[in-house]
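Here the structure comes first, spelled out in structure tokens, and everything after it is commentary.
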Amino acid sequence: MLFDPAPKTSRADLFDREEEIERVRSLSSPITLVLGLRRTGKSSVIMISLNELGLPYVYLDLRRFEERPFSTYRDLVAELEREVNRLTRRFPGLLEALRRVEGVEVMGSGVRLRWGGRGRLSVASLLEALNDWAEDRVLVVIDEAQELINLRGANLLPALAYSFDNLRRVRVVLSGSKMRLLYRYLGVEDPRSSLYGRAMSEVELMPFSREMAEQFLSLGFSELGVEFRDYDLVYDAVGGIPGWLTYFGYYYYQGRDLRGALGLIREEFENFLKSRPLARERYITVMKAIARCATWSEVKGALEAREGVRVSDSELSNYLRQLMDSSWVVKGEDGRYCPAEPLIGRAFEGAL
Ligand code: ADP
Ligand code: MG
């Protein structure tokens with residue numbers, strides 16, 4: 001069903017995106033980036049590609065890392081352990097290959113991964129073992145990979161670079177809703193980064209156009225046998241993000257409105273604020289000012305009016321940069337700052 005709010009796992013439930021799935025499936029570079037705003041369908045496209053490829057894979061879902069100001073190596077290793085155990089249950093032969101990996105203890109039909117002390121897990125040797133074990137290819141998916149930027153006490157980039165350069169059978173897929181943050185983390189253009197200069201393949205999921213959004217909604221409503229005509233109104237309100245169109249269809253069908261969506265956005269913004277407690281009110285003021293787009297000086301004026309003190313240019317540019325890095329705000333061609341998508345604006349128009 002098109003309006004099912006869970007990520008889609010089969011192509012039959014997905015609207016369009018044929019080309020994007022093909023590009024992910026081709027695994028043409030050792031690392032593939034799947035980019036796009038939240039709810040554009042990255043996880044769905046990845047899951048469908050995984051199912052269709054039928055290759056063994058490890059899937060690290062870092063969404064839960066978003067709710068914390070930072071994460072530790074222990075958190076990451078716990079995710080890895082769960083996924084590796086899922087794999088060894090399906091492929092008991094993998095256990096043999098894992099025995100040699102530093103930080104891996106084979107116990108019965110599963111493994112325990114050590115996260116601390118001497119002899120803790122080396123991700124590079126884990127990837128190497130997967131590479132040696134795989135007959136064809138093995139996939140490592142890190143969903144919402146920009147969250148690794150807040151990982152303390154470990155750096156995954158050298159392992160990813162090692163894999164990129166040496167492990168022919170390991171294919172890595174990284175998704176990111178916060179594209180600027182992901183680029184910064186990977187540092188492909190930064191000579192100091194381990195991944196400097198590596199050519200990755202990129203698949204970007206754009207929001208649907210007005211026409212596509214209308215087709216999407218009309219298909220979804222016809223599946224439900226519901227009469228619907230106000231396509232333009234919906235597009236004007238929520239834009240072309242498939243996840244919001246799905247959400248709209250699902251709740252409209254149940255006779256509910258979009259207030260829940262605005263609540264979700266505010267919750268996600270709270271996650272953003274968690275690691276910035278001191279500037280909390282300032283960020284909220286900035287977002288309110290930007291709700292219907294605003295110039296630099298308008299944002300500055302709003303901050304200063306609220307606080308009754310001068311706000312320096314460097315402070316303001318830091319706030320705006322962080323909001324853009326995390327895909328809350330975009331800078332338009334006219335130089336004005338706008339919400340990254342219409343519902344974000346709506347969420348901040350009222351009280352927060
Ligand atoms: P992301 O990982 O980019 O945040 P998801 O894959 O979780 O996005 O998708 C968000 C929601 O939108 C899910 O409910 C999913 O089923 C739906 N969705 C996204 N893209 C499509 C599509 N092309 N066709 C049907 N449903 C979609
Ligand atoms: Mg996702």
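The values are calculated or read from the model by the stated rules, or taken from the named source; none is laboratory data. The structure displayed is predicted, hence computed values, not measured ones. So basically every Cβ, Gly included, is an ideal-geometry build from the backbone, and we count neighbours across all protein chains shown. Keep in mind that these areas ignore ligands, DNA and RNA; they rest on the heavy atoms of the full protein, side chains included. Shrake-Rupley method; radii C 1.70, N 1.55, O 1.52, S 1.80 Å.
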key: DSSP beta bridge pairing in the chain, given as percent antiparallel to the nearest 5   = 30
ask   = How many percent of the accessible area of the chain is carbon or sulfur, using a 1.4 Å probe?
value = 48
Fraction of beta bridges assigned by DSSP in segment 26-179 that are antiparallel (%, nearest 5) = 20
query = Could you give the dipole magnitude of segment 224-352 about its Cα centre, charging the beta-carbon of Lys and Arg +1 and that of Asp and Glu -1, in debye to the nearest 20?
reply = 380
task = Please arrange TRP328, TRP115 by accessible surface area, largest first, computed with a 1.4 Å probe and ligands excluded.
result = TRP115, TRP328
key: Three-way shape call for segment 47-117 based on the alpha-carbon gyration tensor, with the a/c threshold at 1.5   = oblate
request  = State the extension gain, in nm to one decimal, for the chain segment bounded by SER201 and THR295, taking 0.36 nm per residue of separation less the distance between their alpha-carbons.
outcome  = 30.4 nm
key: Kirkwood Rh in Å, taken over all unlike Cα pairs in segment 160-284   = 18.2
note = With the 8 Å Cα cutoff and a minimum separation of six or more residues, the chain has a relative contact order in percent of 20
Value of [θ]222 nm, deg cm²/dmol, for the chain, DSSP H segments ≥ 4, -39500 (n - 2.57) each, nearest 500 = -14500 deg cm²/dmol
message = Could you give me D for segment 139-214, from Stokes-Einstein at 25 °C and 0.890 mPa s, where the hydrodynamic radius is the Kirkwood radius over C-alpha pairs? Units µm² s⁻¹, please.
response = 177
message = Quick check: pseudo-label points 7 Å beyond the Cα along Cα→Cβ at ARG336 and ARG63, how many nm apart are they?
response = 3.3
query = Per the Kirkwood formula on distinct C-alpha pairs, the Rh of segment 253-352 is how many angstrom?
reply = 13.9
ask   = Which longest uninterrupted range of the chain lacks any GluC sites (Glu not before Pro) assigned by DSSP to a loop state (not H, G, I, E or B) and surrounded by at most 11 other Cβ atoms within 10 Å?
value = 1-134
key: Cα pair distances in segment 17-204, grouped into 5 Å bins until the bin that holds the longest one, percent each   = 1, 8, 17, 21, 22, 18, 10, 3, 1, 0
ask   = How many angstrom separate the Cα center of segment 49-107 from the Cα center of segment 140-219?
value = 18
inquiry  = Can you list residues from other chains, or at least 5 along the same chain, whose modelled amide H is less than 5 Å from the amide H of VAL138?
reply    = VAL170, ARG171
query = Can you list the residues, at least 5 places off or on another chain, whose amide H is less than 5 Å from the amide H of VAL329, using H built in the peptide plane?
reply = MET324, ALA340
request  = Treat the chain as a sphere of radius equal to its Kirkwood radius over Cα pairs and apply Stokes-Einstein at 4 °C in a medium of 1.567 mPa s; give the translational diffusion coefficient in µm²/s, rounded to a whole number.
outcome  = 59
request  = Using Cα centres only, tell me the gap between segment 115-134 and segment 229-254 in whole Å.
outcome  = 45
query = Under a 1.4 Å probe, what is the accessible area of segment 223-349 per residue, stated in Å²?
reply = 50
